[in-house]
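All remarks here apply to the structure that follows.
What follows draws every value from the coordinates through simple rules; no lab data is involved. Note that the coordinates shown come from a computational prediction; the quantities given were computed from them, not determined experimentally. Here the Cβ positions follow ideal geometry from the backbone for every residue, glycine too, while neighbour counts run over all protein chains shown.
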Amino acid sequence: MAAILWMPGLLPGQTNLLTVTPPPKQSVKKNAEFTAKVDVQLRPGYHVNSNTPSDDYLIGLRLTWAASPLDVQQVSYPKPSMEKYDFSEKPISVFSGGFAITTRFRIPAGAAPGMMIVTGKLRYQACSNKECFPPKTIEVKLPVDIVN
Amino acid sequence: MLVSLHRSLLAAAAICGMLVLNVNCGNTRSVRAAVKPEKDRKSAPEFSLKDAHGRVVKLSDYKGKVVLLNFWATWCGPCKIEIPWFIDFEQKFKDRGFAVLGVSMDEDGWEAVKPYIEKQKVNYRVVVASDEVADLYGGVSSLPTSFVLDRQGKIADVHVGLVSKSVYQNEIEQLLDNKAHVQPDADGGNPVDAGPASGPN
C-alpha cells in the first residue's frame, strides 16, 4: 500500500526518451572491414551527455561491443554540441535530437563463415533542462553474415 | 503483473488528480510556492538508511521538524544547482526545527557519494537509497525529486525537477511558522524535539 502512496517516478518516466534504430544486416567478406551505424534519436527537449562529458561526475554516452569473432577497430561519435541549461553555469557537452554512432569492424581472415549477431551496449544518461533520469543501458544487435 | 501495473497507474493518475494545483503531472513542474492544506497531506513512508558514518537514519527521527527530503544523484546536473541552496537552508533554519535529508540514488553508493558531498561541503545529512526506499516513494525515476514534510512527517508538497530556491524557501518558512498545529506523538508525549543532529557527514 505504501508503495503506491506516492509515485512521482511513474509520472514522467524515461520510456521512449531515447530510441535506437538497429543497424541493418551486413554481408562482409573475410579479411575485410565494414562500418556499422547506430542511429539514435532523442525526444525533443532532452539531451544525453556526450562521450566526453564536461564534468567528471556526469555519465557520458558509450557504445561498447561484446567479444565476438569480429575485431572492433574504432567507435566514432559525432561532434558534441555545447549547450547551456538552467542547471549549468556554463555550456556542457551533449548530444540531442538525432545522431549516429559508427563502429568500424574488421573480419579476421580466419573467421568462420555464416550468420552471427554481435551485441553492443549503449549506455547513456539523459536530462531535460530541469530534470535528469538514471543512467540506462540498452542492447544493440548487429546481424553480420560472414562470407568467403 | 499487468494488474499490479494497472493498479499502480490508476493510483498515479489519482494522485496526479489530487495534485493538479501543485504540479503538472504530464510535465511535472511546480507552479506555486504554497503547501497543501493539512487535511490533504499524507504521511511520508518511513524508512531506515545509513549515513556516511554508518549511522542508522530513520525518517521518524525527524518528527517534530520540517524536513526537506531531497532525492538526488551525483550525475544529476539540476541536483548540483540545488545543493548550495540546501546548505543555506540547513544553516539558516536549523535552529527553528528544520533539516535537509539528502537521499542519494547513486548506484555506486558511498564510493561515488562521499567524495562528492565532501567536495560540495554539504552540511546536511545524506543517506544512500535502497531500491525498497525508492519504491516507497514511487521509484523516483526523475531527479531531483524533493518532498517537503511538515513537523508531523506529512507530505506538504513535492517537486519533481528543478524549481527555484524561493519556492522551497517560501514553503519551508510557511511550515516553520505553522507551529500551532504540531501534534503530540501517538504515546501522548511531547513532539519529538530535535531528531538527529544534522551536522556534516
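Worth pointing out:
- 3J(HN,Hα) from dihedral phi, the stretch A:39-45, Karplus parametrisation 6.51/-1.76/1.60, rounded to Hz, x for glycine, proline: 8, 10, 10, 9, 5, x, x
- Amide hydrogen neighbours beyond the local backbone of residue B:153, cut-off 5 Å, H modeled: B:64
- Cα centroid of the stretch A:114-148 to Cα centroid of the stretch A:39-108, whole Å: 11
- For the stretch B:32-181, share of DSSP beta bridges that run antiparallel, in % to the nearest 5: 60
- Share of pairwise Cα separations in the stretch A:91-137, more than 18 Å, in percent: 54
- Qualifying GluC sites (Glu not before Pro) in the stretch A:48-131, where qualification requires a DSSP coil assignment and no more than 13 other C-beta atoms within 10 Å, comprise A:89.
- Rounded, prolate or oblate (a/c below 1.5 giving rounded, otherwise prolate when a/b exceeds b/c) for the stretch B:55-100 by Cα gyration tensor: oblate
- For chain A, share of DSSP beta bridges that run antiparallel, in % to the nearest 5: 90
- Net charge of neighbours whose Cβ lies under 14 Å from the Cβ of residue A:60, counting Lys and Arg as +1 and Asp and Glu as -1: +2
- Net charge of the neighbourhood of residue B:155, taken over other residues with C-beta under 15 Å away and scored Lys/Arg +1, Asp/Glu -1, is +2.
- Cα-based Rg and Dmax for the stretch A:18-101, where Dmax is the largest Cα-Cα distance (Å): 15.4, 51
- Stokes-Einstein D for the stretch B:32-181, Kirkwood Rh over Cα pairs, 25 °C, 0.890 mPa s (µm²/s): 161
- Just so you know, the averaged projected area of the alpha carbon convex hull for chain A sits at 11.0 nm².
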